[in-house]
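Visitor: Sharing a structure with you now.
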Amino acid sequence: MDFPTLLQVLDSTVRLATPLLLACLAGLFSERAGIFDIGLEGKMLASAFFSAAIAAMTGSVWLGLLAGIAASLVLAGIHGLASITFRGNQLISGVAINFLASGLTVLIAQDWFRQGGRTPALSGGARFGNITLPFSGPLADVPILGPIYAQLVSGHSILVYVAFLAVPVTWWILFRTRFGLRLRAVGENPAAVDTAGISVVRLRFTAVFICGLLCGIAGAYLAIALQGGFAREMSAGRGYIALAALIFAKWRPWYAMGACLLFGFLQAVGIRYQNLDLGLITIPVQVMDALPYILTVVILAGFVGRAIPPRAGGEPYVKER
Amino acid sequence: MTGGGQNTGRAETAAPAIELKGISKAFGPVQANKNISIRVQPGSIHGIIGENGAGKSTLMSILYGFYKADAGEIFIKGRKTEIPNSEAAIAAGIGMVFQHFKLVQNFTVLENVVLGAEDGALLRPSLAKARDELRSLADEYELRIDPDAVIDEIGVGMQQRVEILKALYREAEILILDEPTGVLTPAEADHLFRILRGLKDQGKTIILITHKLREIMEVTDTVSVMRRGEMTATVKTAETSPEQLAELMVGRKVLLRVDKKPATPGGTVLEVENLKVRDHAGVERLKGVSLTVRAGEILGIAGVAGNGQSELLQVLGGIAHGTGSVRLNGTELDLTGRFSDGRSRRAKGIAHVPEDRQHLGLIMDFAAWENVAFGYQGDPAYNPTPWRIDNAAIRADCAGKMERFDVRPPNPLLAAKNFSGGNQQKIVLAREIERNPELLLIGQPTRGVDIGAIEFIHQRIVQLRDTGKAILLVSVELDEIMSLSDRIAVMFDGRIMGERLPGETDERELGLLMAGMDSAPGNGRPALETVGGGH
């Protein structure tokens with residue numbers, strides 16, 4: 001692999017890691033607060049559809065983004081209602097949201113646009129363009145670092161920068177603020193939070209809505225930045241991969257970035273080398289495409305060692321004496 | 001209701017720190033608190049004593065804003081106060097130390113103290129301030145603790161101190177402690193009482209909820225007694241006696257000392273030699289235990305929880321494997337292999353009342369009659385033919401056992417979880433004792449059992465002894481060991497530290513042995529650096 005090809009693969013890695021990273025951080029907020037969220041996938045998908053639909057109708061990518069976030073927040077609210085207010089089973093609520101999003105997006109897309117469950121292709125102001133960072137032109141001639149800056153760092157959609165900026169911000173919120181302390185506490189022992197005079201319900205709802213916000217951005221990125229329009233099931237299991245990355249990262253923000261970049265890299269390699277010729281044998285494209293999913297299974301099978309989830313995760317909080 | 005405030009009716013000049021007037025609370029048909037009135041004087045230690053289910057915890061939960069009372073008023077320092085939630089309770093200067101600590105296990109001491117009492121949106125200044133504050137609190141109240149220790153890695157005594165510090169950091173004037181000594185060693189409990197007296201001297205008001213009479217007598221100034229949701233009396237501690245309090249709690253006279261004749265031991269029934277047990281992590285839990293139990297004798301094993309007593313019971317009861325030699329009436333028992341299980345033990349005449357009755361002794365969701373058959377389901381009396389189990393026979397047998405063991409309510413169809421702790425224990429005891437075993441293994445016979453039932457259970461154990469059976473008793477309650485045992489062996493760190501006769505020893509000496517110090521003359525060095533089980 002020569003240097004320009006490597007840069008291309010890495011560039012593609014960054015683009016593909018972005019939705020994973022946003023969804024992974026979304027899950028991190030929710031699960032750190034003790035609400036397991038298997039519905040990342042559904043929230044991303046709903047956001048992808050509504051952002052593309054509104055962007056197509058209004059021609060404004062920003063209105064599209066807002067619509068996507070709003071759709072994701074609504075689903076987050078449903079999850080919160082089911083699992084916090086009504087103390088339902090968090091897994092079932094999440095699965096229900098995934099089914100809901102999967103069916104509803106195609107149904108509404110067909111009803112609105114009559115293009116077989118797709119939205120019209122987006123272009124111009126209805127799609128996020130790539131931002132060229134300053135000096136990337138003149139610096140491009142500097143050996144090694146120049147192309148890295150011009151191709152890898154510069155030239156992405158704004159949402160990519162948002163995603164990677166969200167990593168230190170998440171870390172800072174989690175470990176340097178009062179809100180973060182309480183968030184981590186409520187995922188470990190909600191009774192401690194409750195007896196300290198803080199509302200467990202409010203805290204968990206806040207976390208779930210932050211999760212909704214980030215999932216919304218992730219979905220919108222898929223439909224109106226990475227691609228130019230919505231296609232059915234376009235989230236393609238990214239919500240689940242993000243969950244695997246979250247476990248891989250042991251619920252920590254910087255590790256989450258590493259995990260998502262790894263998954264993104266595997267996807268990028270899969271796309272770049274469709275039929276990998278190793279001389280004696282040729283690895284077929286299907287294997288390459290399956291790489292991230294294979295890694296997910298390996299990780300979830302506990303290959304990475306013990307990952308201890310937040311102790312109160314998955315358990316509705318019932319006040320006892 | 002006239003009980004509240006009697007004997008303290010003399011005019012007090014200062015407003016009471018807490019005054020409750022006519023508090024009532026019902027959960028469905030169950031009246032947990034009935035018209036409770038109480039005055040707690042500032043700067044005093046006020047005990048609230050009562051059996052399990054008497055309504056103590058409900059009352060305190062109302063005071064801490066967990067439940068809303070159906071009727072009644074709360075006055076704090078003479079001012080009527082509404083306490084709709086914990087936040088309001090904290091604001092009113094009430095701090096609560098729960099029986100089950102409310103700590104975040106993977107947080108540091110400092111983070112736990114600060115949680116919910118932060119000074120601003122950023123953490124760093126709050127933590128710095130709390131660190132200074134903790135240092136001065138530590139000096140003031142003898143509450144020394146490493147602020148950066150993680151809760152997971154400190155002992156329960158320390159964890160309790162963190163809970164107290166949490167309350168003090170929130171400037172609590174009134175401190176409520178719910179069954180604080182349940183998890184402590186005698187030495188830790190003494191330290192706690194010193195802390196409480198120190199707090200009282202600084203003008204704090206302390207409410208101590210417990211079912212242990214000894215603690216009430218030792219540390220409180222005033223004591224209120226609750227029975228079946230009612231406050232039956234409030235008396236000065238100095239003017240009462242354990243016997244009187246027990247009678248007030250139960251509503252009838254209670255024998256606090258176990259009534260038993262001297263033992264007339266026969267031949268050796270159980271002989272344990274150099275018994276060793278490793279847990280699944282490979283840590284040696286029993287490091288060569290040797291002991292004997294004779295017929296017609298109760299051998300009491302004292303010790304702080306986690307020093308190998310559980311493993312001893314498990315290996316003898318056939319739940320765990322071990323190495324060494326165990327003989328029952330001269331025949332060797334298998335310690336590994338297929339004949340080392342509970343079924344083989346039962347067949348040899350060993351009955352086991354396990355320490356953890358809710359997990360090992362009973363299946364909580366199953367009915368009492370099903371629980372009565374467990375372990376003995378192969379009994380021919382239950383199996384008229386090899387292919388049919390006679391449920392009616394088991395139910396009838398259960399009804400008989402319930403009557404003989406005074407299980408209330410005597411309903412074989414009721415699920416085990418719906419009985420009180422004492423009645424659950426009676427079901428297990430009935431099942432094991434009525435099999436007429438050669439050897440009874442019994443762990444924590446009265447843990448979570450109310451005082452009336454304790455008396456009954458103790459009597460039954462002594463009766464079994466008097467029929468010439470051998471009994472191995474494990475308990476963390478020193479009182480129980482002292483009053484039931486004919487001989488006492490003290491365990492520490494997987495070893496027997498020594499054996500004493502109950503008439504020739506005292507709590508101080510046993511306490512030293514439990515902490516790993518040999519009290520014999522010239523041997524006064526600690527057996528290990530660390531004192532206590534460390535679990």
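The values are calculated or read from the model by the stated rules, or taken from the named source; none is laboratory data. Values in this document were obtained by computation on a predicted structure and should not be read as measured data. Backbone-built Cβ (ideal geometry, glycine too); neighbour counts: all protein chains shown. Areas reflect the complete protein model, heavy atoms only, side chains present, ligands, DNA and RNA absent. Shrake-Rupley method; radii C 1.70, N 1.55, O 1.52, S 1.80 Å.
Visitor: Name, by its number, the condition in (1) touching a Lys or Arg at 6+ places or on another chain (Cβ under 8 Å); (2) surrounded by 16 or more Cβ atoms within 10 Å (Cβ to Cβ); (3) assigned to a loop (DSSP other than H, G, I, E, B) that does not hold for B:Leu270.
Guide: (3)
Visitor: OK, next. Which one of the conditions (1) surrounded by fewer than 24 Cβ atoms within 10 Å (Cβ to Cβ); (2) closer than 27 Å to A:Ala312 by Cβ does A:Met57 fail to meet, given that it meets all the rest?
Guide: (2)
Visitor: Something else: Scanning the stretch A:222-248 for residues that are within 21 Å of A:Gly27 (Cα to Cα) and outside any helix (DSSP H, G or I), which turns out farthest from the chain's Cα centre (by Cα)?
Guide: In this case the residue turns out to be A:Glu233.
Visitor: Test each condition in (1) in contact with a strand residue (DSSP E or B) (Cβ under 8 Å, 6 or more places away or on another chain); (2) open to solvent by less than 70 Å² (accessible area, probe 1.4 Å); (3) within 13 Å of chain A (Cβ to nearest Cβ) for B:Leu122 and report the one that comes out false.
Guide: Among (1) in contact with a strand residue (DSSP E or B) (Cβ under 8 Å, 6 or more places away or on another chain); (2) open to solvent by less than 70 Å² (accessible area, probe 1.4 Å); (3) within 13 Å of chain A (Cβ to nearest Cβ), B:Leu122 violates only (2).
Visitor: Scan the stretch B:464-479 and tell me whether some residue there is at pLDDT 90 or above, of a type in the set (A, V, I, L, M), out of contact with any strand residue (DSSP E or B) (no Cβ under 9 Å at 6 or more places or on another chain) and buried (at least 23 other Cβ atoms within 10 Å of the Cβ).
Guide: From the stretch B:464-479, those at pLDDT 90 or above are B:464-475; that's our starting set.
Then keep just the ones that are of a type in the set (A, V, I, L, M); that gives B:464, B:470-474.
Applying the additional criterion that residues be out of contact with any strand residue (DSSP E or B) (no Cβ under 9 Å at 6 or more places or on another chain) yields none.
No, that holds for no residue.
Visitor: Please verify whether A:Ile173 is among the β-branched types (Val, Ile, Thr), closer than 20 Å to A:Ile97 by Cβ and at pLDDT 95 or above, treating the condition exactly as stated.
Guide: Details: among the β-branched types (Val, Ile, Thr): yes; closer than 20 Å to A:Ile97 by Cβ: no; at pLDDT 95 or above: yes.
Taking the combined requirement at face value, the residue does not satisfy it.
Visitor: Which one of the conditions (1) open to solvent by 10 Å² or more (accessible area, probe 1.4 Å); (2) in contact (Cβ under 8 Å) with a residue 12 or more places away in the chain; (3) at negative phi does A:Gly237 fail to meet, given that it meets all the rest?
Guide: (3)
Visitor: Next question, about the same structure. Open to solvent by 60 Å² or more (accessible area, probe 1.4 Å), within 8 Å of chain A (Cβ to nearest Cβ) and among the charged types (D, E, K, R), is that true of B:Glu111? Step through it out loud before you land on a result.
Guide: On the way: open to solvent by 60 Å² or more (accessible area, probe 1.4 Å): no; within 8 Å of chain A (Cβ to nearest Cβ): yes; among the charged types (D, E, K, R): yes.
Here the answer is no, as B:Glu111 does not meet what is asked.
Visitor: Right, another one. Can you go through B:Gly53, B:Gly95, B:Gly78 and tell me which one is closer than 25 Å to B:Arg135 by Cα and either more than 9 Å from chain A (Cβ to nearest Cβ) or surrounded by 24 or more Cβ atoms within 10 Å (Cβ to Cβ) (or both)?
Guide: Working: B:Gly53 fails: closer than 25 Å to B:Arg135 by Cα; B:Gly78 fails: closer than 25 Å to B:Arg135 by Cα.
Step by step, each of B:Gly53, B:Gly95, B:Gly78 is checked, and only B:Gly95 is closer than 25 Å to B:Arg135 by Cα and either more than 9 Å from chain A (Cβ to nearest Cβ) or surrounded by 24 or more Cβ atoms within 10 Å (Cβ to Cβ) (or both).
Visitor: Only one of B:Ala149, B:Ala121 is closer than 30 Å to B:Ala305 by Cα and not assigned by TED's automatic domain parsing to the domain that holds B:Lys212. Can you tell me which?
Guide: Numbers: B:Ala121 fails: closer than 30 Å to B:Ala305 by Cα.
Just one listed residue meets the conditions, B:Ala149.
Visitor: Sort out which residues of the stretch B:54-88 are out of contact with any helix residue (DSSP H, G or I) (no Cβ under 7 Å at 6 or more places or on another chain) and within 20 Å of B:Glu118 (Cβ to Cβ), and write them in order of number.
Guide: If the condition is that a residue be out of contact with any helix residue (DSSP H, G or I) (no Cβ under 7 Å at 6 or more places or on another chain) and within 20 Å of B:Glu118 (Cβ to Cβ), then B:Asn85, B:Glu87, B:Ala88 are the ones that fit.
Visitor: Conditions first: (1) modelled with pLDDT under 90; (2) assigned by TED's automatic domain parsing to the domain that holds B:Glu230; (3) assigned to a loop (DSSP other than H, G, I, E, B); (4) under 25 Å from B:His211 (Cα atoms). B:Ala32 passes all but one, so which condition is the exception?
Guide: Of the numbered conditions (1) modelled with pLDDT under 90; (2) assigned by TED's automatic domain parsing to the domain that holds B:Glu230; (3) assigned to a loop (DSSP other than H, G, I, E, B); (4) under 25 Å from B:His211 (Cα atoms), the odd one out for B:Ala32 is (3).
Visitor: Next question, about the same structure. Taking B:Leu127 as the residue in question, decide whether it is within 8 Å of chain A (Cβ to nearest Cβ), without any contact (Cβ under 8 Å) to a residue 24 or more places away in the chain and over 26 Å from the mean Cα position of the chain (by Cα).
Guide: Working: within 8 Å of chain A (Cβ to nearest Cβ): no; without any contact (Cβ under 8 Å) to a residue 24 or more places away in the chain: yes; over 26 Å from the mean Cα position of the chain (by Cα): yes.
It is false that B:Leu127 is within 8 Å of chain A (Cβ to nearest Cβ), without any contact (Cβ under 8 Å) to a residue 24 or more places away in the chain and over 26 Å from the mean Cα position of the chain (by Cα).
Visitor: Of the conditions (1) under 29 Å from the mean Cα position of the chain (by Cα); (2) away from chain A (no Cβ under 11 Å), B:Glu73 clears all except one; give me its number.
Guide: Only one criterion is unmet by B:Glu73, namely (1).
Visitor: Residues that are within 12 Å of chain B (Cβ to nearest Cβ): find the helices (runs of 4 or more DSSP H) completely inside the stretch A:113-210 holding 2 or more of those. Before you say what the answer is, go through the steps one by one.
Guide: Numbers: elements: A:136-139, A:158-176, A:178-188, A:190-195.
Answer list for the stretch A:113-210: A:158-176, A:178-188, A:190-195.
Visitor: Go through (1) outside any loop (DSSP other than H, G, I, E, B); (2) surrounded by fewer than 19 Cβ atoms within 10 Å (Cβ to Cβ); (3) without any contact (Cβ under 8 Å) to a residue 60 or more places away in the chain one by one and return the number of the condition B:Lys253 breaks.
Guide: Status for B:Lys253: all satisfied but (1).
Visitor: Has the stretch B:360-377 got any residue that is farther than 26 Å from B:Leu472 by Cβ, among the hydroxyl-bearing types (Ser, Thr, Tyr) and open to solvent by less than 60 Å² (accessible area, probe 1.4 Å)?
Guide: No, the conditions are met nowhere in the stretch B:360-377.
Visitor: Of everything in the stretch B:403-462, what is within 24 Å of B:Val293 (Cβ to Cβ) and of a type in the set (S, T, N, Q)? Give them in sequence order.
Guide: B:Gln425, B:Asn436, B:Gln444, B:Thr446, B:Gln459, listed by residue number.
Visitor: Just the residues that are assigned to a helix (DSSP H, G or I) and either open to solvent by 10 Å² or more (accessible area, probe 1.4 Å) or within 14 Å of B:Asp479 (Cβ to Cβ) (or both), please, taken from the stretch B:193-217.
Guide: Going through the stretch B:193-217, the residues assigned to a helix (DSSP H, G or I) turn out to be B:193-201, B:213-217.
Residues satisfying the conditions are B:Arg194, B:Arg197, B:Gly198, B:Lys200, B:Asp201, B:Leu213, B:Arg214, B:Glu215, B:Ile216, B:Met217.
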